[in-house]
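Notes to accompany the following structure.
The values are calculated or read from the model by the stated rules, or taken from the named source; none is laboratory data. Worth saying up front: this structure is predicted, and the values here are computed from it rather than measured. Cβ sites come from the backbone with ideal geometry, for glycine too, and all protein chains shown count toward neighbours. Keep in mind that these areas ignore ligands, DNA and RNA; they rest on the heavy atoms of the full protein, side chains included. Shrake-Rupley method; radii C 1.70, N 1.55, O 1.52, S 1.80 Å.
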Amino acid sequence: DTRVVSWLRAGGQPYPVAAPSLAAVERLLAARPWPRDRIAAVRRRRELLIALLGRLGAETLPSQGNFVLVRPASAERLRTGLARRGIAVRGFPDHPLLRSWVRITVPTGGAAWCRLERGLREVLGTAGDDAAAGGQRESS
């Protein structure tokens with residue numbers, strides 16, 4: 001019955017995962033410390049990234065993943081500024097609801113973290129000056 005299938009799909013997760021796959025991941029996580037350590041590192045760095053972005057005047061949304069969705073004063077300025085520094089982030093310039101947002105993956109390596117932090121400070125550090133001078137946030 002297609003109605004039942006539609007109802008089940010509507011109530012399910014966006015990316016269904018088979019029970020054997022879930023069981024395999026649970027065993028892996030229980031048997032090895034490195035995934036737990038990696039997850040803990042991502043969580044720590046994610047909180048640091050959210051705090052840094054807030055201090056630099058950007059809005060963030062709550063996250064449980066290995067990325068942060070951020071709305072700076074100018075998404076285009078952030079994307080291009082970081083790109084010039086060799087840092088790739090995901091923008092959504094063609095999506096009407098997300099065009100003013102940028103997705104930043106949380107780096108766990110020390111060198112990558114330092115590069116991102118420096119890039120954000122350089123690109124967004126003057127964004128607050130723009131706002132003080134009467135600059136406007138990009139419209140959503």
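Can you find a residue that is touching a residue at least 24 places away in the same chain (Cβ under 8 Å), open to solvent by 70 Å² or more (accessible area, probe 1.4 Å), in contact with a Phe, Trp or Tyr (Cβ under 6 Å, 6 or more places away or on another chain) and of a type outside the set (S, T, Y) anywhere in the stretch 73-80? Full working, then the answer.
The first filter runs over the stretch 73-80 and keeps only residues touching a residue at least 24 places away in the same chain (Cβ under 8 Å), leaving 73-78.
Filter again for open to solvent by 70 Å² or more (accessible area, probe 1.4 Å), leaving 76-77.
Among the residues that remain, those that are also in contact with a Phe, Trp or Tyr (Cβ under 6 Å, 6 or more places away or on another chain) are: none.
Checked against the condition, which is being touching a residue at least 24 places away in the same chain (Cβ under 8 Å), open to solvent by 70 Å² or more (accessible area, probe 1.4 Å), in contact with a Phe, Trp or Tyr (Cβ under 6 Å, 6 or more places away or on another chain) and of a type outside the set (S, T, Y), the stretch 73-80 yields no hits at all.
Mind checking which residues of the stretch 42-58 are open to solvent by less than 70 Å² (accessible area, probe 1.4 Å) and either outside any helix (DSSP H, G or I) or closer than 14 Å to L116 by Cβ (or both)? I'd like the intermediate steps shown before the answer.
Narrowing the stretch 42-58 to residues open to solvent by less than 70 Å² (accessible area, probe 1.4 Å): 42, 45-46, 49-54, 56-58.
V42, R45, R46, L49, I50, A51, L52, L53, L56, G57, A58 - these are the residues of the stretch 42-58 that are open to solvent by less than 70 Å² (accessible area, probe 1.4 Å) and either outside any helix (DSSP H, G or I) or closer than 14 Å to L116 by Cβ (or both).
Scan the stretch 104-129 residue by residue and report those that are among the β-branched types (V, I, T) and at pLDDT 90 or above.
I104, T105, V106, V123, listed by residue number.
Among the residues of the stretch 113-126, which ones are closer than 18 Å to S63 by Cβ and open to solvent by 40 Å² or more (accessible area, probe 1.4 Å)?
E117
Suppose we filter A83, A132 for residues that are modelled with pLDDT of 95 or more and hydrophobic (A, V, I, L, M, F, W, C); which single one remains?
Values: A132 fails: modelled with pLDDT of 95 or more.
After applying the criteria, what remains is A83.
Any residue in the stretch 97-122 that's in contact (Cβ under 8 Å) with a residue 60 or more places away in the chain: show its pairings with residues that are assigned to a loop (DSSP other than H, G, I, E, B) and open to solvent by 70 Å² or more (accessible area, probe 1.4 Å) at Cβ separation under 7 Å, as long as the two are six or more apart or on different chains.
Filtered contacts from the stretch 97-122: V106/N66.
Restricting to the stretch 23-44, give me the number of residues that are modelled with pLDDT under 80 and touching a Gly at 6+ places or on another chain (Cβ under 9 Å).
Result for the stretch 23-44: 0.
Could you figure out which of (1) outside any loop (DSSP other than H, G, I, E, B); (2) at pLDDT below 95; (3) under 18 Å from the mean Cα position of the chain (by Cα) isn't true of P20?
Here P20 clears every test but (3).
Would you check which residues across the stretch 87-109 are open to solvent by 40 Å² or more (accessible area, probe 1.4 Å) and outside any loop (DSSP other than H, G, I, E, B) and list them?
Those that are open to solvent by 40 Å² or more (accessible area, probe 1.4 Å) and outside any loop (DSSP other than H, G, I, E, B): R90, R103, T105.
Is there any pair with a first residue in the stretch 30-54 that is in contact (Cβ under 8 Å) with a residue 60 or more places away in the chain and a second that is hydroxyl-bearing (S, T, Y) and surrounded by 14 or more Cβ atoms within 10 Å (Cβ to Cβ) whose Cβ atoms are under 8 Å apart and which are 6 or more apart or on different chains, and what are they?
So the pair list comes out as R38/T108; A41/T108; V42/T108; R45/T108; R46/S63; L53/T60.
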